1. With loosely packed, with under 15 Cβ neighbours inside 10 Å and aromatic (F, W, Y) as the only criterion, which of Y15, Y63 stands out?
2. Does any residue of segment 132-142 turn out to be in contact (Cβ under 8 Å) with a residue 40 or more places away in the chain and in contact with a strand residue (DSSP E or B) (Cβ under 7 Å, 6 or more places away or on another chain)?
3. Run S93 past the list (1) out of contact with any Ser or Thr (no Cβ under 6 Å at 6 or more places or on another chain); (2) polar (S, T, N, Q); (3) under 22 Å from G148 (Cα atoms); (4) open to solvent by less than 80 Å² (accessible area, probe 1.4 Å) and report the number of the one that doesn't hold.
4. Are there any pairs with C-beta distances below 9 angstrom linking a residue in segment 87-115 that is touching a residue at least 12 places away in the same chain (Cβ under 8 Å) and on the phi < 0 side of the Ramachandran plot to a residue that is small (G, A, S) and open to solvent by 50 Å² or more (accessible area, probe 1.4 Å), with the two at least 6 apart or on different chains, and if so which?
5. Is one or more of the residues making up segment 68-85 crowded, with 16+ Cβ neighbours inside 10 Å and free of Cβ contacts under 8 Å to residues at least 24 places away in the same chain?
6. Considering only residues that are free of Cβ contacts under 8 Å to residues at least 24 places away in the same chain and not in a loop (DSSP other than H, G, I, E, B), look in segment 21-46 and name the one that is least open to solvent (accessible area, probe 1.4 Å).
7. Please give the helices (runs of 4 or more DSSP H) falling wholly within segment 99-198 in which 3 or more residues are touching a helix residue (DSSP H, G or I) at 6+ places or on another chain (Cβ under 9 Å), within 17 Å of R85 (Cβ to Cβ) and not aromatic (F, W, Y).
8. Name the residues in segment 105-131 that are open to solvent by 60 Å² or more (accessible area, probe 1.4 Å), among the polar types (S, T, N, Q) and over 14 Å from the mean Cα position of the chain (by Cα), would you?
Amino acid sequence: MAIKNTSTMKTVQPYSKFFIIGNADEQNSIAHLINEDDIVVRFNNPNPNCTLMADWVFIANGYTQIRHLTIKHQFFKPDTHIFFRYSKEDIWSSRYQNIPLHKRIKYLWRFPKWVKHSHLDQYQINTIPTDTYRHCADILGFRQPSTGLLAIDYICQHYPRNKIYIHNFTSEGWIGHNWDEEKQLIHKWITTGNISAV
């Protein structure tokens, strides 16, 4: 997949804070808490109710999502880093979802077109690692953790020394996620000090 943007991703400094912004409606602005070296994380097509610009965007790019998800870039910085939920191999091997063969074949040609059509090929692109996905699925005992939970876990695992804040998370949404379990897990992470809610 061609990546046109040659600018480098913002470096995570030892003092950088992560602000992970859920897609619930904005209740209170946290803009005053964010410094230049902090990393703002947003999801899919970010809720315009919150106007914070994203450094990282985690995107659900499953078979169904790419048929319905329209990505607008109004809250993407030029050097935004994209994290896809799935690799093409994840879909092809039905690693996390049972997808009929004909749909998996369609996905292989549809996905690159969707990336190009959505103008996501102008950003640096990564995929959430399998070990993060499995870690979340194992803790929940559930095959389909939300993209928000995957992002929180990925950042906790890879940047354990940085302060991590979550904002606008209500643990509700698509029927295919186990929201009650996710809510309990996020509460546990807050209680143990892994993350803070703002």
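The values are calculated or read from the model by the stated rules, or taken from the named source; none is laboratory data. Predicted, not measured: the structure shown is a model, and the values here were computed from it. Note: ideal-geometry Cβ built from the backbone for every residue, glycine included; neighbour counts use all protein chains shown. Quick note on the areas: whole protein, heavy atoms, side chains included, nothing else; ligands and nucleic acids left out. Shrake-Rupley method; radii C 1.70, N 1.55, O 1.52, S 1.80 Å.
1. Working: Y63 fails: loosely packed, with under 15 Cβ neighbours inside 10 Å.
Sole residue among the options that is loosely packed, with under 15 Cβ neighbours inside 10 Å and aromatic (F, W, Y): Y15.
2. No - not one qualifying residue is present in segment 132-142.
3. (3)
4. Hits for this filter: R104/S93.
5. From segment 68-85, those crowded, with 16+ Cβ neighbours inside 10 Å are 71, 73, 75-77, 80-85; that's our starting set.
Filter once more, so that each one left must be free of Cβ contacts under 8 Å to residues at least 24 places away in the same chain: none.
The answer is no, given that none of the residues of segment 68-85 is crowded, with 16+ Cβ neighbours inside 10 Å and free of Cβ contacts under 8 Å to residues at least 24 places away in the same chain.
6. The initial filter retains those residues of segment 21-46 that are free of Cβ contacts under 8 Å to residues at least 24 places away in the same chain, namely 28-29, 31-32, 34-36, 38, 40.
Next, from what is left, pick out any that are not in a loop (DSSP other than H, G, I, E, B): 31-32, 40.
On the way: A31: 52, H32: 142, V40: 6 Å².
Applying the filter and picking the extreme gives V40.
7. Working: elements: 101-117, 130-140, 147-158, 179-191.
Answer list for segment 99-198: 101-117, 130-140, 147-158.
8. Within segment 105-131, just Q122 meets the criteria.
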